[in-house]
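Everything below concerns the one structure shown next.
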Amino acid sequence: MEKQALEKLRHALLAWYAAENRRLPWRQSSDPYAIWVSEIMLQQTRVETVIPYYQRFLGRFPQIHTLARADLETVLKLWEGLGYYARARNLHKAAGIVCREHGGRLPEDPEQLRRLPGIGDYIAAALASIAFGRPAAVVDGNVKRVLARLFMEKAAVNDSAAKQRFMRLADEILDRHNPGQFNQAMMELGQRICTPRNPVCPVCPIQAFCRAFQEQSVADFPRRLPSKIPPLRKMVFVLIAREDRFLIIRRPNQGLLGGLWELPGQEFQGRKISPEKMAESVRGLTGLIVTTPKLLGNVRHAYTHFRVSADLYCCRYLEGRIVLAGHTAYQWIHPDESSRYAFHKLIHKMGGMVTECGITKFFINR
DNA sequence: AAACCGGGGCC
DNA sequence: GGCCCAGGTTT
């Protein structure tokens, strides 16, 4: 695109943004820490989903020092239900690093930001531009879609080999005098006007510069590589009741759902597990001898790269001492205490089931 | 480069 | 049921 056209495009986009931008909570703050928290939460997560989490989080941890001093358990509880829990673990860890090694202030340089855990190309550029006014172009899902249509870019947006192409395009059109506003304008355009389906081209401020619009081929962009269908995994979980309490265990801090609490459970192959096999499983998972488990029901849940169908059993404790295999902690809790612990979605879905083992409505949703 | 990592809303 | 979302880390 020619220089003059680029200048007009930038001006039109910034004017639209100045007039139409959403007054989002994190835009009311110029505190780099607050902007950082919002950017981490907004990874792969919609604005509407983030808002209540953001407000609770900033209310509880108003400054980077309060976050750095907090227990990981408290941080995870505030993240419960938001997903991608490594974001919370990395944010907590990075807050500690910033407080210990940078005097509590985030570095302003994108390459230094990039070294902190949980900060990649996108968040480094977002913080450098929005919080510090540095000329770094952000490339997220919205920006890639806008660029693909604007330039009729044939590279697929979900092809990691094409990332550099989109970064170069984003850098080329960036308004280097107002990078923070320009980056946010690109993202908000993608979110509200240049949407994946049914884009609202008639009200687009940069319609005149959009090649796909001129060629009447907006629907053909962005291009995507085909994705695979995630496999289905079968799992069993068990509610072990002991008087008016039941057993929960904590996952290790690394990997899937790291640091979250759940009921004992495991994947299984084949069609179904017999109650006798299930009792053996319980012993392997917990070290406990229990009554013959009864099937309570089934829940399903989809993760990014697989789906789960989970049967929930219930039984009562008979004897034995807890011996965990892989998990890092356990608690016998009363249903009233369930809101103190961060559980993952599959466990929340089971919480509504009524048990026949002495505990009814074992799980109290928030 | 590909796999892994959540959850929700939309069509 | 597939697609998409203010992506980053690990292998």
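The values are calculated or read from the model by the stated rules, or taken from the named source; none is laboratory data. Just so it is clear, the model here is predicted, and its values are computed rather than measured. FYI the Cβ positions are ideal-geometry reconstructions off the backbone, even for glycines, and counts take in every protein chain you see. All accessible areas refer to the heavy atoms of the entire protein, side chains included, with ligands and DNA or RNA removed. Shrake-Rupley method; radii C 1.70, N 1.55, O 1.52, S 1.80 Å.
Structural remarks
- Looking at segment A:237-321, the strands (runs of 3 or more DSSP E) lying wholly inside it that each contain 1 or more residues that are within 16 Å of DNA strand C (Cβ to nearest atom) sit at A:294-302, A:307-319.
- Unique residue being in contact with a helix residue (DSSP H, G or I) (Cβ under 7 Å, 6 or more places away or on another chain), part of a loop (DSSP other than H, G, I, E, B), within 16 Å of A:Pro179 (Cβ to Cβ) and more than 16 Å from DNA strand B (Cβ to nearest atom) when the list is A:Ala136, A:Ala126: A:Ala136
- Segment A:1-19: number of residues that are within 31 Å of the chain's Cα centre (by Cα) and either free of Cβ contacts under 8 Å to residues at least 24 places away in the same chain or not assigned by TED's automatic domain parsing to the domain that holds A:Gly133 (or both): 1
- Flag for A:Asn183 being out of contact with any Asp or Glu (no Cβ under 6 Å at 6 or more places or on another chain), away from DNA strand B (no atom under 15 Å from the Cβ), open to solvent by less than 50 Å² (accessible area, probe 1.4 Å) and assigned to a helix (DSSP H, G or I): yes
- When A:Asp171 is tested against (1) free of Cβ contacts under 8 Å to residues at least 60 places away in the same chain; (2) crowded, with 18+ Cβ neighbours inside 10 Å; (3) out of contact with any helix residue (DSSP H, G or I) (no Cβ under 6 Å at 6 or more places or on another chain); (4) over 21 Å from A:Trp36 (Cα atoms), exactly one condition is not met: (2).
- The number of residues in segment A:142-161 that are within 16 Å of DNA strand B (Cβ to nearest atom) and either free of Cβ contacts under 8 Å to residues at least 60 places away in the same chain or aromatic (Phe, Trp, Tyr) (or both) comes to 3.
- Of the residues making up segment A:13-33, those that are closer than 12 Å to A:Ala131 by Cβ and outside any helix (DSSP H, G or I) number 3.
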